[in-house]
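Enquirer: Structure in structure tokens, see below.
The values are calculated or read from the model by the stated rules, or taken from the named source; none is laboratory data. Predicted model, so just to flag it, every value in this text is computed and none were measured. Don't worry about glycine lacking a Cβ; one is built from the backbone with ideal geometry, like all the others, and counts go over all protein chains shown. Keep in mind that these areas ignore ligands, DNA and RNA; they rest on the heavy atoms of the full protein, side chains included. Shrake-Rupley method; radii C 1.70, N 1.55, O 1.52, S 1.80 Å.
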Amino acid sequence: MLELRTLAWDQVPWDELDRFADRQVFQTREWLEFVAESQNGTPVVAELRNDGALVGYFSGVLIRKLGLRILGSPFPGWTTPYIGFNLLPGTITRSQATEALRHWAFGEMGCFHFEVMDWQFLHERTGTEGLGWELSPTYISDLTLAEEELLARMKKTCRWSIRKAERAGVTIERATDMGFADEYYAQLTEVFARQGLKPTYSVNRVRALLRHLLPTGRLLLLRACNPEGRSIATGIYPGFNQWATFWGNASWRSEQHWQPNEALHWYALRYWKQQGVKHFEWGGSSGSGYYKEKFGGVPASVPSFSGSKYRALALARNGARDFFYQSRKILGMLRGFSQQPAPVSGE
């Protein structure tokens, strides 16, 4: 029989977990503690056993919404693309682990709702009957390719931007200072302001991310500087084991003629490739599909599933999510129209 058993936080075998082949940075102790701090939640890790034999682990964060316990692994808005399971090869599938997760979440954990986004679940939908299911589009760059091939797979406009930045004297440097959080956030605020919006998270989240992850070496912070040495763009790229991810990027609008963003991403791809990372994921929660497609990545989808103790909770959750994203989209469009110049008479 499959069952999950919650582990005391100080008893979690972190070194053992980090050796799992399917381990990613979002499942590490530091990242879970970052999410727990930013969401005012409690990080949890449970071991998964099959007839008493250890077959894997599950990680997530418990939060409360309107007094109800909710388990996220992750939850929308956490700036964490996926968490989910770590399983020993040749034991069980993620589909088989799902039913044990459901009983554990609604039973021992006393949750009313749970959500899981696990990259490895893509081909294992069988066994998730009765659960909500979604696929989020993204792009993946293959870092096992030679640098020349990575560059060749990018669209012509992207290669042109990278070379222009190099010829113009734009430099990319790694950052290790906490002040980077405020630098990045100031640029991000301007990006959102162009659409009449505000960032979906505060600068405190970026500060917490740096505080937890910088000491681990699993967080790449980059800044692009113009020929005068002024910071004009910033980027954040976490990575561990076989995967690295594009977490966030921002730049000053007045400096975009230097093409700093493309230069930042090209540096990040090469950096993580040199660290032995095999896959670079471009994320699906920000930016246009075309923007990410131009870097030569292959289209893919990250699967997620959710379960509610009562159907009304699932309906309320979906309605609230749709309202949030649609209202921001409409507001951005309206602000964009309001900022356009009035047409000249006769046009």
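Enquirer: Could you list, in sequence order, all residues of region 12-32 that are in contact with a helix residue (DSSP H, G or I) (Cβ under 9 Å, 6 or more places away or on another chain) and either open to solvent by 20 Å² or more (accessible area, probe 1.4 Å) or in a loop (DSSP other than H, G, I, E, B) (or both)?
Expert: VAL12, TRP14, ASP18, PHE20, ASP22, ARG23, GLN24, THR28, ARG29, GLU30 - these are the residues of region 12-32 that are in contact with a helix residue (DSSP H, G or I) (Cβ under 9 Å, 6 or more places away or on another chain) and either open to solvent by 20 Å² or more (accessible area, probe 1.4 Å) or in a loop (DSSP other than H, G, I, E, B) (or both).
Enquirer: For ILE83, all conditions in the list (1) surrounded by fewer than 19 Cβ atoms within 10 Å (Cβ to Cβ); (2) touching a Pro at 6+ places or on another chain (Cβ under 7 Å) hold save one; what is the number of the exception?
Expert: It fails just one condition, (1).
Enquirer: Quick one: in region 31-54, which of the residues that are in contact with a strand residue (DSSP E or B) (Cβ under 9 Å, 6 or more places away or on another chain) and of a type in the set (D, E, K, R) is farthest from THR80 (Cα to Cα)?
Expert: ASP51
Enquirer: Within region 195-203, is even one residue open to solvent by 50 Å² or more (accessible area, probe 1.4 Å) and free of Cβ contacts under 8 Å to residues at least 60 places away in the same chain? Please lay out each step first, then the result.
Expert: Taking region 195-203 and keeping what is open to solvent by 50 Å² or more (accessible area, probe 1.4 Å), we get 195, 198, 200, 202.
Then keep just the ones that are free of Cβ contacts under 8 Å to residues at least 60 places away in the same chain; that gives 198, 202.
Yes, there is a match, as at least one residue in region 195-203 is open to solvent by 50 Å² or more (accessible area, probe 1.4 Å) and free of Cβ contacts under 8 Å to residues at least 60 places away in the same chain.
Enquirer: Another question, then. Among (1) under 15 Å from the mean Cα position of the chain (by Cα); (2) open to solvent by less than 40 Å² (accessible area, probe 1.4 Å); (3) under 22 Å from THR28 (Cα atoms), there is one condition ARG218 misses while meeting the rest; what is its number?
Expert: Answer for ARG218: the failing condition is (2).
Enquirer: Taking region 49-69 only, how many residues are over 22 Å from the mean Cα position of the chain (by Cα), part of a strand (DSSP E or B) and not charged (D, E, K, R)?
Expert: Number satisfying all stated conditions: 6.
Enquirer: Tally the residues that are farther than 10 Å from SER308 by Cα and within 18 Å of the chain's Cα centre (by Cα), restricting the search to region 104-121.
Expert: Qualifying residue count for the region: 6.
Enquirer: Which residues, taken from region 33-48, are in contact (Cβ under 8 Å) with a residue 24 or more places away in the chain and assigned to a strand (DSSP E or B)?
Expert: Listed by number, the residues that qualify are PRO43, VAL44, VAL45, ALA46, GLU47, LEU48.
Enquirer: Of the conditions (1) aliphatic (A, V, I, L, M); (2) in contact with a strand residue (DSSP E or B) (Cβ under 6 Å, 6 or more places away or on another chain); (3) open to solvent by 30 Å² or more (accessible area, probe 1.4 Å), VAL170 clears all except one; give me its number.
Expert: (3)
Enquirer: Does ARG19 meet the test of being without any contact (Cβ under 8 Å) to a residue 24 or more places away in the chain and out of contact with any strand residue (DSSP E or B) (no Cβ under 8 Å at 6 or more places or on another chain)?
Expert: Yes: the conditions hold for ARG19.
Enquirer: Hey, another quick one. Considering only region 228-310, give the strands (runs of 3 or more DSSP E) lying wholly within it that have at least 2 residues that are open to solvent by 50 Å² or more (accessible area, probe 1.4 Å), at positive phi and touching a residue at least 40 places away in the same chain (Cβ under 8 Å). Break it down stepwise before answering.
Expert: Values: elements: 231-240, 243-245, 248-251, 279-281, 298-308.
In region 228-310, there are no strands (runs of 3 or more DSSP E) which contain 2 or more residues that are open to solvent by 50 Å² or more (accessible area, probe 1.4 Å), at positive phi and touching a residue at least 40 places away in the same chain (Cβ under 8 Å).
Enquirer: If I filter region 92-102 down to residues being open to solvent by less than 60 Å² (accessible area, probe 1.4 Å) and touching a residue at least 40 places away in the same chain (Cβ under 8 Å), which single residue comes out as farthest from ASN50 (Cα to Cα)?
Expert: Once the filter is applied, the top-ranked residue is ARG102.
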